[in-house]
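Read the structure below first, then the notes.
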Amino acid sequence: MDTPKVFESEYRFCLILWEHEPVKSRALVELCAEQLGWKPTTTYTVIKRLSERGVLKNENSIVTSLVSKQDVQASQIDELVEKTFEGSLPAFVAAFAKSRMTREEADEIQKMIDDFRKGESV
């Protein structure tokens, strides 16, 4: 199953959901007002839209996610690599390394690559 598209403002909403789920929709409205400055109607609209796209479910006013944070992040990275780097993961990593990778992060990534080559999960 493909991960449904989650746009920037929806992602910020999902961060709140993932941190507090399962959560009553009314509590989610309050959290979004505090953290995002949203009006209640905005939050309810986002809940409805994400529910229709299969990102979350809202049953009996209890909201839970159907898609994990890791899945959404992986989908966004895939889209970025596809759009910006013509699908080339090495080009993405090279650009990322050039702009902001520390030696410690490079060591951590190298360990992930080594584990991948050994057949271990990353």
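Since every read-out is calculated from the coordinates, none of them should be taken as a lab result. What you are looking at is a predicted structure, and each value in this text was computed from that prediction instead of being measured.
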**Complete:** So, relative contact order of the chain in percent, Cα under 8 Å, 6 or more apart, is 22
**the range 8-69: translational diffusion in µm²/s, Stokes-Einstein, Kirkwood Rh over Cα pairs, 37 °C, 0.692 mPa s** = 295
**Close Lys-Lys pairs in the chain, where close means Cα under 28 Å and separation is 8 or more or interchain** = 24
**Item:** Normalised per residue, the volume of the convex hull around the Cα set of the chain (Å³)
**Value:** 150
**Prompt:** Can you give the calculated 222 nm mean residue ellipticity of the chain, where each DSSP H run of n ≥ 4 adds -39,500 (n - 2.57) and the sum is split over every residue, rounded to the nearest 500 deg cm²/dmol?
**Reply:** -21000 deg cm²/dmol
